[in-house]
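Before any comments, here is the structure.
Computed from the coordinates by the stated procedures, all read-outs in this text should not be read as laboratory data. The structure displayed is predicted, hence computed values, not measured ones. Neighbour counts are summed over all protein chains in view; Cβ atoms, including those assigned to glycine, are modelled from backbone coordinates with ideal geometry.
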């Protein structure tokens with residue numbers, strides 16, 4: 001009789017363990033379904049990077065999507081942190097292999113978001129924050145429909161010009177081209193229908209707070 005009792009105990013423990021594992025897996029799946037790919041787009045100088053940095057600090061378990069680009073490193077950027085800097089040949093090879101979630105061309109340079117790290121992070125239940133332009137935004141809207149796509153607007157075009165000029169990184173001609181591109185991007189973003197939210201970045205703290213509210217609203221839809 002004692003042998004049967006001894007034999008029954010491990011079965012009960014095993015069942016309890018399996019039940020706990022099953023509950024944990026269900027919890028993990030639930031968290032994964034709540035995870036969101038957060039797309040931040042907007043014209044150059046609108047404050048996207050500052051917004052993304054703030055979101056990463058305030059969103060639990062959020063990760064940054066590091067894009068690949070063919071443009072040269074500039075300013076205080078760090079390879080592997082801000083961007084993965086690659087040659088045009090390497091970028092083309094990865095694009096042909098289907099390694100990117102989205103790609104875009106901007107001022108003669110290529111940009112792309114590696115698909116696998118994004119997918120893996122979402123499965124783990126992590127929000128993924130990515131900064132891409134409107135070309136990429138359209139592609140992400142098609143491939144990840146439940147992504148949270150937000151377009152950041154400057155208060156005025158004059159304020160945008162002042163922000164870009166304040167960088168002291170470009171010539172007058174480059175500045176003119178950026179402003180032309182910005183005007184086109186804003187129009188395209190409004191007409192494309194792929195952005196559900198437009199946020200004016202007049203004050204960084206207010207902007208980040210508004211975007212966090214948007215993300216939580218979208219999370220409740222899961």
(request) Give me the distance in nm between label points sitting 7 Å out from Cα along the Cα-to-Cβ direction at residue 99 and residue 190, one decimal. (result) 3.9
(request) Calculate how large, on average over all directions, the projected area of the Cα convex hull of the stretch 150-222 is; give the answer in nm² to one decimal. (result) 5.7
(request) Express in nm, to one decimal, how much length is gained between residue 183 and residue 142 on full extension, taking 0.36 nm for each residue of separation and deducting their alpha carbon distance. (result) 12.4 nm
(request) Quick one: check the C-alpha center-to-center distance for the stretch 154-181 versus the stretch 94-127, whole angstrom. (result) 27
(request) Write down the Å³ per residue value for the convex hull defined by the alpha carbon atoms of the stretch 33-219. (result) 114
(request) Please give the length that would be gained between residue 85 and residue 109 if that part of the chain were fully extended, namely 0.36 nm times their separation in residues minus their C-alpha to C-alpha distance (nm, one decimal). (result) 7.5 nm
(request) Show me 201-207, 39-45 ranked by packing, highest mean number of other Cβ atoms within 10 Å first. (result) 39-45, 201-207
(request) Rounded to the nearest 0.05, what FRET efficiency do residue 73 and residue 116 give with R0 = 25 Å and r taken as the Cβ-Cβ distance? Could you check? (result) 0.60
(message) Under a crude label model (7 Å from the Cα following the beta-carbon direction), how far is residue 158 from residue 197 in nanometres?
(response) 3.0
